[in-house]
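Presented below is the structure to which this report refers.
The values are calculated or read from the model by the stated rules, or taken from the named source; none is laboratory data. Just so it is clear, the structure is predicted and the values come from calculations on it, not from any experiment. Neighbour counts are summed over all protein chains in view; Cβ atoms, including those assigned to glycine, are modelled from backbone coordinates with ideal geometry.
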Amino acid sequence: MSAIFVQIRCTPGTTYSVAKELILQEIHSELYSTSGEWDLLMKLYPPEGADIGQFINDTVSSVEGVERTLTTLTFKAF
């Protein structure tokens, strides 16, 4: 199972509430606050056989305060 990374842009002033909601879902391996264009960076391992787009849409994009996401798939760790 490969990790995926999701960068999350939040509506101004909602980063902490978005992070709290994501934490409650218990879908992530790691969740970081970041500087720059994106507010949060989440590392997660999706369920085996999951439709990644649908999974992100249902669990991350649907959280109130999430404006946009950028998902990076990984293939092999070195």
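Hand me the list of strands (runs of 3 or more DSSP E) wholly inside segment 1-49 holding 1 or more residues that are closer than 15 Å to Thr71 by Cα, in contact with a strand residue (DSSP E or B) (Cβ under 6 Å, 6 or more places away or on another chain) and touching a residue at least 40 places away in the same chain (Cβ under 8 Å). Explain how you work it out, then say what you get.
On the way: elements: 4-10, 28-33, 40-44.
Result: 4-10, 40-44.
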Kindly list, by first and then second residue, each pair from a residue in segment 51-70 that is farther than 14 Å from Ser17 by Cα to a residue that is assigned to a helix (DSSP H, G or I) and among the hydrophobic types (A, V, I, L, M, F, W, C), limited to pairs with Cβ atoms under 9 Å and residues at least 6 apart or on different chains.
Thr59/Leu22; Thr69/Ile56; Thr69/Val60
Counted residues in segment 62-78 being of a type outside the set (D, E, K, R), under 12 Å from Gln7 (Cβ atoms) and surrounded by 12 or more Cβ atoms within 10 Å (Cβ to Cβ) come to 4
Considering only residues that are within 25 Å of Ala77 (Cα to Cα), modelled with pLDDT of 95 or more and loosely packed, with under 10 Cβ neighbours inside 10 Å, which ones fall in segment 2-31?
none
